Amino acid sequence: MESAPAIQKLLDELERMPGVGPKSAQRIAYWLLNSPRDSALRLADAIVEVKDAVHFCSRCFNYAEGDVCEVCASASRDASTICVVSEPRDVSAIERTAAYSGLYHVLGGALSPMDGVGPDDLHITELMARLSDESVAEVVFATNPNVEGETTAAYLARLIKPLGIKVTRLASGLPVGGDLEFADEVTLGRAIESRRAL
C-alpha cells in the first residue's frame, strides 16, 4: 500500500538518519502523526535551533554555541592535559564518566588512506599550534581502538613526542562484567598488554 506523499516524504527523510531503518522510520512518523501538533512543532523548532545555534569551537572543534565550547571556557579544567578524540560525540562519552578534567581537541575524523582522509583533512595543524602556544604537559589519545584510530594515534605521537610532551593512550581491554571465553583475541591481547599491579 502506497503512503500519502507527505508521509512518504517524512519516511524518506527519517530513513536517511543513521540507525533508522524503514520500521523505525514508520514508528517515528506515526508517532509524530498521532502526537499533538505542538509536540511536532517543538521538535521541528529544536532541530532548526540546533542547526542555527551550534557550530564548532574555535579552539578545540567540539560543538559550541559561543566562540568556544563550555569545556574550553571553564576555568576549572586542567589546561595542562589535552585529550585528543576523533568526533565531538567522543567528548560527550568521556564527559559522562566524570573521570577526566582536562581539555579536548577534536580531530574531525581519523586517518584513513583507503577513504581518502589524510593529515590535511583533520585538525592536526590546529592541535600542533595549541601544543606550541599552550602549556600542555600531556596529550591523551582517545581515538577508537580500530585500524584508523590506532594509525591516527601513532602518527600524532610521532609528531608530538619530539616536543617533550608526555603522550598516553587510553587503556583498552575487557569490559567490566565480561567473560573471558567470549572476548576476541585482540581485546584479550590488549587486556594482557594493559595489565596493572593490584
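Condition first: in contact with a helix residue (DSSP H, G or I) (Cβ under 6 Å, 6 or more places away or on another chain) and surrounded by fewer than 22 Cβ atoms within 10 Å (Cβ to Cβ). Now tell me which residues in the range 82-125 satisfy that.
Result: Tyr100, Ser112.
In the range 155-198, which residues are in contact with a Leu (Cβ under 9 Å, 6 or more places away or on another chain) and in a helix (DSSP H, G or I)?
Once the filter is applied, which keeps residues that are in contact with a Leu (Cβ under 9 Å, 6 or more places away or on another chain) and in a helix (DSSP H, G or I), the range 155-198 yields Tyr155, Leu156, Leu159, Ile160, Leu163, Leu180, Thr187, Leu188, Arg190, Ala191.
For residues that are within 19 Å of Val117 (Cα to Cα), among the aliphatic types (A, V, I, L, M) and touching a helix residue (DSSP H, G or I) at 6+ places or on another chain (Cβ under 8 Å), tally how many sit in the range 127-157.
The number of residues fulfilling the criteria is 4.
Sort out which residues of the range 1-24 are assigned to a helix (DSSP H, G or I) and within 25 Å of the chain's Cα centre (by Cα), and write them in order of number.
The answer is Glu13, Leu14, Glu15, Ser24.
Inside the range 151-174, can you point out the residues that are over 15 Å from Leu122 (Cβ atoms) and under 20 Å from the mean Cα position of the chain (by Cα)?
Val167, Thr168, Arg169, Leu170, Ala171, Ser172, Gly173
Looking at this structure, is Asp52 in contact with a Ser or Thr (Cβ under 8 Å, 6 or more places away or on another chain) and among the acidic types (Asp, Glu)?
When the stated conditions are applied, Asp52 does not pass them.
Among the residues of the range 28-41, is any surrounded by 11 or more Cβ atoms within 10 Å (Cβ to Cβ), of a type in the set (D, E, K, R) and not assigned by TED's automatic domain parsing to the domain that holds Asp121?
Scanning the range 28-41, I find no residue that is surrounded by 11 or more Cβ atoms within 10 Å (Cβ to Cβ), of a type in the set (D, E, K, R) and not assigned by TED's automatic domain parsing to the domain that holds Asp121, so the answer is no.
The values are calculated or read from the model by the stated rules, or taken from the named source; none is laboratory data. Please read all numbers here as calculations on a predicted model, not as lab measurements. Here Cβ is always computed from backbone atoms with ideal geometry, including for glycine, and neighbour counts include all displayed protein chains.
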